[in-house]
Structures are given as C-alpha cells and as structure tokens.
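The values are calculated or read from the model by the stated rules, or taken from the named source; none is laboratory data. Because the structure is predicted, anything quoted here is derived from the model rather than measured. For neighbour counting, all protein chains shown are included, and Cβ atoms are generated from backbone atoms with ideal geometry for every residue, glycine included. Keep in mind that these areas ignore ligands, DNA and RNA; they rest on the heavy atoms of the full protein, side chains included. Shrake-Rupley method; radii C 1.70, N 1.55, O 1.52, S 1.80 Å.
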Amino acid sequence: MKVTFPHMGNTFIGAKVLMEDLGNEVILPPKCSKKTLEIGTKHSPETICLPLKINIGNYVESIEKGADTILITGSCGPCRFGFYSLMEKEILKDLGYDVDIIVFDPPDGRPMELLRRIMKAADTKNVYRILRSIVRGGKILEKVDNLIEYSNKIRAKAFNSFKVDTIIDNFYEEVRNVHGMEETSKLIKETRTKLDNVKIDQNKKTLKVGIVGEIYTIIEPFANLYVERKLGHLGVEVDKALKPSSWVKHHLLPGPFGSGEEKRKWKEAAPYLSTLVGGHGRETIGSSIIYAKENYDGIIQILPLTCMPEIVAESILPTIQKDYNIPIMTLIVDEMTGEAGYQTRLEAFVDLLWKRWEEDNHEELLSGS
Amino acid sequence: MTYKVGIPQGLLFYDYYPLWKEFLNELGTEVILSKKTNKTILDQGVSNCVDEACLPVKVFHGHVCDLKDKVDYLFIPKFVSIYKKEFICPKFLGLPEMVKNTIEDLPPIIDIEINLRKSNLNLLKAVIKTGQYFTSNLSKIAMAYNKALKHYERYLDLINQGIVPIEAVKMYNLSLKRNKSFNQNNLNIMILGHSYNLYDEHISMNLIKKLQSQDINVLTPEMIDTDQINQHSSRLPKRMFWSFGRKIIGSAFSAIEEKSIHGIIYVSSFGCGIDSILIDLVERKARENSIPFTLLTLDEHTGEAGVNTRVEAFIDMIRWRGKDESNISTHG
Ligand code: SF4
Ligand code: SF4
C-alpha cells in the first residue's frame, strides 16, 4: 500500500508522520504548483470550488509517482465539501485510475464503519497503536504550525525579510526527506534556530492583520497566493484565524471535544449570525470580532469564488467593519486570479492601514502636547 | 389595527406560499406580496447584495426592497432544515442576516428559525413563535395553522397532477379541477433546477410556457412522486444531505431510469454551489442512459435571445434524433 493525501498547508507533515509511524509508505504529492491547478481545472466541473480542483491535481501528480491509495476526509453537510469524496471518486474513475480511496466521514450513525476504514488505512487492527500515532502526528502538526506562525512574526521585523522565505522554503523541502517523529522534530528545532538568527529590527513599527475566511484557502499558501509572505514583506504581522491543527480539532474531534476557541467565536458571532451556515462562515464573523477587540489594524477575508458560507459572511462583514471601526477587505480567489492584481490590492490595503495608523498617532501626539 | 406582513416573491415562496399566506391571514394580518420579478426588482437586488451571491439570492434582495416601505413586518424565516438529517443551502441558513446587513431601513423581520433536522417538534415551536407576533392565544394559532395546512395540501395535490406551481398558486383556493394529462404524441422534456429559478418567469425567461406552447410536455421535479424521489436519491453512494439535491437528483434519476423523458434541460444560476455538484451527477447519469442533456446557466446579464436559440437547437436535435431512431426501427 502506497498512500497519499491531498495538500492542505502543513497537514501533510502531520499526516506523513502519522502514517510512517504506523509503518506505511507515504507518497507525498509534489508541492502545489501552477501545473497542479491546471491538471485539476482540466478534469473538474467548471463551477466547483477551488479546493476540489487543487485536490484533483494533487491526486493525479501523486498517482503518477506511484500512489495507489488516497486518504481523504469528508463531512455530512451543509456545504459542498461533503460531496467532494463522491465527485473525486467519479473523476478519478473517468480518468481511468485504479486507486483505492478511503474516506473518513463523520460517523453519521455508523461509528463502526469509520473505525473499519481507519484500520484499513492504518493497515493494522491495533487501536492503541493507531491512537498513539494519531497523537504523534497531531503533536508534530502543532509544532509546525507554531514554527510558521513564528516565521510570520520574524518576517515582518526582519532587516531582510526574504531570508525568512529561504529558511521556510528549505524547511518544506527537507521535511520531505526526513522520516518519523524524531527526525521531523529535529528539523523543526533546527529551523527555529535558523529563524532566531535572522537579524530583526526591534524598533520597527509593524501592523497587525488577521486573516479570516474559508479554511482551505487560509491554510494552503498556494491557494491564497502566499498571502502571509506578501504581507510580511510589507511589514505586516499576520495571524490566521484557522490553522491546520484547528482544522484537525474541528473535523476529528467533534462534539464535546470541540475546542473552546471555536465556541468563543460562535459566541462573539451570535449577535450577527446566530446559527451555523456551513463551512466556517460563522467562525469568520466571530474571528473578525475577536481581531477587532484585540486591536488589530485590519482584517482580510479570503474565499474561493462561489464559496457559499463565506458569501453569507461577506454580506455581514460590512456591519462589523462599521460597528468596530476596523478596515476589512475581501479577496476572492480562483484559477484565474492574477498575481499582479492581487499584490496591488494588498499594497493598497496596507497603505490604507498605515494612513489610519498615522492619523491616530498624530491625534495622540497633538492631544498629548 | 391589521398588521401588514410582507412576503417576498422569491426563493422558498414557490414551495410554501399558500401555507404562509393562509396562516398569516388566519391570524388576522394582511399579507402583502412583492411584485412579480421584473427588471427593476432585479436591478435593485443586484445593487443591494454582495456581488458574489447567486442570482436568486440577489433577486430575493430586490423583492425585499420592493416591500420594505409598504409593510409593518417582513416574513423571512431562517430555513435551516426542512427534512430530517438534511439541510437547505448555506445561503438559506444566513438569509435573514444577509438581508439585514445589506439593506437599510427595514421593518422588523419575522426571522423565526425552522429546523427539522433533528425532529419535527421544532416546527410547532416555529409556528407558535410566528403566531405570537400577532396574538397570545395559542389555540387561535393552532387553528390558524391547521386551516392553512389544508389549503397547502390542496396546493401540493395540484402540483402532483402536473400543474406547475405558478399556476397552482393561482388555483389552489378555487375548487376547479383540471386534468392536464400528458399528450402521448408530444415530446417529454424534463426541466431541472431549483423551484425559484424554474417558476420565476423573469429569471427563467418563461421557459416552461415557451416549451408548452411548442407541444412539449414539461416535467419538473415537483411533479414526481415523493416516494420515487426518495427511493432513487437513496441509491447514491453518499447520502444526499441537501433537500434540494434529494428532489433534483431523485426526480432526475427516476425519470431517466424509466426512460419516460426525451431530454433534460437543467436551469441553474451562476454561482450556485449546490448545482455545481448536482449538475455533474445528473449529467453523468443522463450520459450513461443516452438521454440528451443541456445546461442553461443564468445570471443578471443573460439575454433572452441567446437562451431561446440554445433551447431551440436542443429541441431540434432531439426531434431529429427521434426521427432517426424510428427510421432505424422500421427498417431493422
Ligand atoms: S466551504 Fe466553500 S470552498 Fe469549502 S466546500 Fe464549501 S463552498 Fe467549497
Ligand atoms: S441553492 Fe444555489 S441558487 Fe439556491 S441559494 Fe443556494 S447557491 Fe443560490
């Protein structure tokens, strides 16, 4: 069995450690690229949302490298993501690939079925071993998330912000060649030290921007055109409302195990949106309010074209912008999104934030004198 | 005084109007309906809604604009689920909020939540909550609702007889019976899509009437028996958790497998997330069974002439194909 899975930001690192810990061979899909998207777009229904197109590209590229089993997660509504697995199976069948696809759906009343599938994917019936490996994979994922978060802080203050890009690029390349929990942890540590050695300007004033929106687009740098790097180079510290580790918590630990963080977001969102709308629409509203309360300078919402839950959120955000007096910009991405236009919009937004900051501080200076 | 309650003629209006109207009337309110969709309503909707929304949601916003200065209340329930373990579209879940946050100076909105995902008991709650806007007399509310349900059942009956909802809306309270059985010699064309796209004459550019006037029997998802629908949609390898999806997939699969139709026209609105999945599933099934399929994607810029040409070409192709087949069968 040679397993693979679709890319979604750092998740591949956690999943790889998990599967290797269980003694399985993992074929990683090549890093998402223009070519990945081209393949995906060519074989997917035209009007489907962006994540599915990139997934298809990932599978095809992995299968070409020898993968014969694909692991994916699912859901039971209300959003389209719940039908991804069905569509993806059909598309791969049309393309003539003979692969095994194992879907981890929420139990939906049949908990044993989920367990059976997990055992099949893990290639062992030893539940204890499986759980242990899941915990290990989860830990690694959290470490990587922290590493990347840290790199975003450093980038905003670094004298040479591109150095940070190089270090992170190296990390993503090397991580493919190390195996298991120990080696991966070691690499994370080394990378952290490299980041610590980047010279930073302690006195540099940075702006703080929170990123909200559809989870895949936030988490997968390719889908958001590396927004955190672009903003970092403009002297902005970026925080993402959702991280791969929070996605794992959301999907794999539902109900009473759900995170307190999520509940806090729902509570904040309640005056504006009282129920779920699928995807992370409600979290988008909640996170925006939290960022505003934490005195962030601005918020950026990112969503794939036609993303239903985020369109609902998008129509509510102007009220948040007004009530909390914080600039919010919405960016929509699909396979046609151009690098240049995107960069221009980001620059214009950051300019606006700087102007507001200057105005505020000017007033403070005046009133202080 | 009699309160005026506004019902926008969009989205679930086509599925539930008789129920809502009779209920609100029985409660002693006056129901005001927005105008039928027209250019002004469409334009107002487009400028009072986020760009990314789909056409019917924009149109709905237009209907709200049309009503808001004429009524004391707007009736925009929050439809989470209308069937066990199912959802409607994410956009319905957030509809009252979308309206409130984009259109200014609105009258109070009756935005009670209707959620039958876990149990039907919630319906009772929703009914009582709505009633309580106008009376505190619980038995009056119950009576009003029961009466409304009777009218509603008559409405569903009419639809089952093959009368399209637009006409059924006009007819449900007349005792007139019309038997519109299908003419055997005509082509049977199935039109798929969401009720608010199919039956809104402006959005669908009168497609149903146009076809009927060309001696074509039109079949819509609403006309297929519910049991048939459920049976066929349950054959999908993944449980269909959208109510619209169950209806569209179930009715399409049932008609395709019974070979009772000559072709399928799917009417979709640009940006519909649910359709992007449903279209693919139906198209595959149609292809496997060699039933011609065509897709009409509508948005605010779609021109009627273009749609007419596409539909005509499609119908011509089917008639031509039909002749061809009968030639083969007589000679072979
Ligand atoms: S949340 Fe958005 S991107 Fe994700 S499946 Fe739903 S519509 Fe697609
Ligand atoms: S089902 Fe489609 S057309 Fe209807 S509201 Fe949702 S996205 Fe729009």
Exercise. Scanning for something modelled with pLDDT of 90 or more and open to solvent by less than 10 Å² (accessible area, probe 1.4 Å), does the stretch A:256-274 turn up at least one residue?
Worked result: yes
Exercise. What about residue B:253, is it open to solvent by less than 30 Å² (accessible area, probe 1.4 Å) and away from ligand 2 (no atom under 16 Å from the Cβ)?
Worked result: yes
Problem set entry | Selection from the stretch B:53-90 of residues that are more than 14 Å from every other protein chain (Cβ to nearest Cβ) and of a type in the set (Asp, Glu) | B:66, B:69, B:72
Seminar exercise, completed: Conditions (1) at pLDDT 95 or above; (2) closer than 28 Å to residue A:278 by Cα -> residue A:166 fails only (2)
Exercise. Looking at A:309, A:304, A:318, which is the one that is within 7 Å of another protein chain (Cβ to nearest Cβ) and touching a residue at least 60 places away in the same chain (Cβ under 8 Å)?
Worked result: A:309
Exercise. Residue check: is residue B:68 of a type in the set (Lys, Arg), in contact with a helix residue (DSSP H, G or I) (Cβ under 6 Å, 6 or more places away or on another chain) and open to solvent by 10 Å² or more (accessible area, probe 1.4 Å)?
Worked result: no
Exercise. Does any residue in the stretch B:308-332 that is modelled with pLDDT of 90 or more come within less than 6 Å, Cβ to Cβ, of a residue that is surrounded by 14 or more Cβ atoms within 10 Å (Cβ to Cβ) six or more places away or on a different chain, and which pairs are these?
Worked result: B:314/B:294; B:318/B:262; B:318/B:263; B:318/B:292
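So which of A:332, A:311, A:320, A:289 ends up being within 16 Å of ligand 2 (Cβ to nearest atom) and assigned to a helix (DSSP H, G or I)?
Working: A:332 fails: assigned to a helix (DSSP H, G or I); A:320 fails: within 16 Å of ligand 2 (Cβ to nearest atom); A:289 fails: within 16 Å of ligand 2 (Cβ to nearest atom).
Exactly one of A:332, A:311, A:320, A:289 is within 16 Å of ligand 2 (Cβ to nearest atom) and assigned to a helix (DSSP H, G or I), namely A:311.
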Seminar exercise, completed: Of (1) under 30 Å from residue B:43 (Cβ atoms); (2) within 14 Å of chain A (Cβ to nearest Cβ), residue B:280 fails just (1)
For this session: Pick out the one residue from A:351, A:323, A:334 that is farther than 19 Å from residue B:100 by Cβ and free of Cβ contacts under 8 Å to residues at least 40 places away in the same chain.
Result: A:351
Exercise. Is it true that some residue in the stretch B:103-123 is more than 9 Å from every other protein chain (Cβ to nearest Cβ), part of a helix (DSSP H, G or I) and of a type in the set (A, V, I, L, M)?
Worked result: yes
For this session: Restricting attention to the stretch A:335-349, report how many residues are open to solvent by 40 Å² or more (accessible area, probe 1.4 Å), part of a helix (DSSP H, G or I) and of a type in the set (A, V, I, L, M, F, W, C).
Result: 2
Exercise. In the stretch A:44-81, which residues are farther than 30 Å from residue B:92 by Cα, in contact (Cβ under 8 Å) with a residue 24 or more places away in the chain and not small (Gly, Ala, Ser)?
Worked result: A:58, A:59, A:60, A:61, A:63, A:65, A:68, A:69, A:70, A:71
For this session: Exactly one condition in (1) within 14 Å of chain A (Cβ to nearest Cβ); (2) open to solvent by 10 Å² or more (accessible area, probe 1.4 Å) is not met by residue B:226; state its number.
Result: (1)
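For (1) within 14 Å of ligand 2 (Cβ to nearest atom); (2) hydroxyl-bearing (Ser, Thr, Tyr), each residue gets a yes or a no:
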| position | (1), (2) |
| --- | --- |
| B:274 | yes, no |
| B:277 | yes, no |
| B:282 | no, no |
| B:292 | no, no |
| B:296 | yes, no |
| B:301 | no, no |
| B:309 | no, yes |
| B:315 | no, no |
For this session: Select from the stretch A:308-326 the residues that are within 16 Å of ligand 1 (Cβ to nearest atom) and open to solvent by 10 Å² or more (accessible area, probe 1.4 Å) and list them in ascending order.
Result: A:314
For this session: Can you confirm whether the stretch B:90-102 contains a residue that is modelled with pLDDT of 90 or more, open to solvent by 50 Å² or more (accessible area, probe 1.4 Å) and not in a helix (DSSP H, G or I)?
Result: no
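Looking at the structure I just gave you, is residue A:334 modelled with pLDDT of 90 or more and under 28 Å from residue A:76 (Cβ atoms)? Walk me through how you get there before you give the answer.
Details: modelled with pLDDT of 90 or more: yes; under 28 Å from residue A:76 (Cβ atoms): yes.
Spelling it out, residue A:334 is indeed modelled with pLDDT of 90 or more and under 28 Å from residue A:76 (Cβ atoms).
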Problem set entry | Subset tally (residues that are touching a Ser or Thr at 6+ places or on another chain (Cβ under 7 Å) and more than 14 Å from chain A (Cβ to nearest Cβ)) for the stretch B:229-252 | 3
For this session: Go through the stretch B:141-155 and count every residue that is open to solvent by less than 80 Å² (accessible area, probe 1.4 Å) and touching a residue at least 60 places away in the same chain (Cβ under 8 Å).
Result: 8
Problem set entry | Residue satisfying condition, being within 14 Å of chain B (Cβ to nearest Cβ) and among the aromatic types (Phe, Trp, Tyr), within set A:84, A:59 | A:84
Problem set entry | Criterion: within 16 Å of residue A:208 (Cα to Cα), among the hydrophobic types (A, V, I, L, M, F, W, C) and more than 16 Å from ligand 2 (Cβ to nearest atom) - qualifying residue of A:302, A:326 | A:326
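I need the full set of residues from the stretch B:215-241 which are hydrophobic (A, V, I, L, M, F, W, C) and under 14 Å from residue B:192 (Cβ atoms), in order please. Break it down stepwise before answering.
Residues of the stretch B:215-241 hydrophobic (A, V, I, L, M, F, W, C): B:216, B:218-219, B:223-224, B:229, B:236, B:240-241.
Across the stretch B:215-241, the qualifying residues are B:218, B:219, B:223, B:224, B:229.
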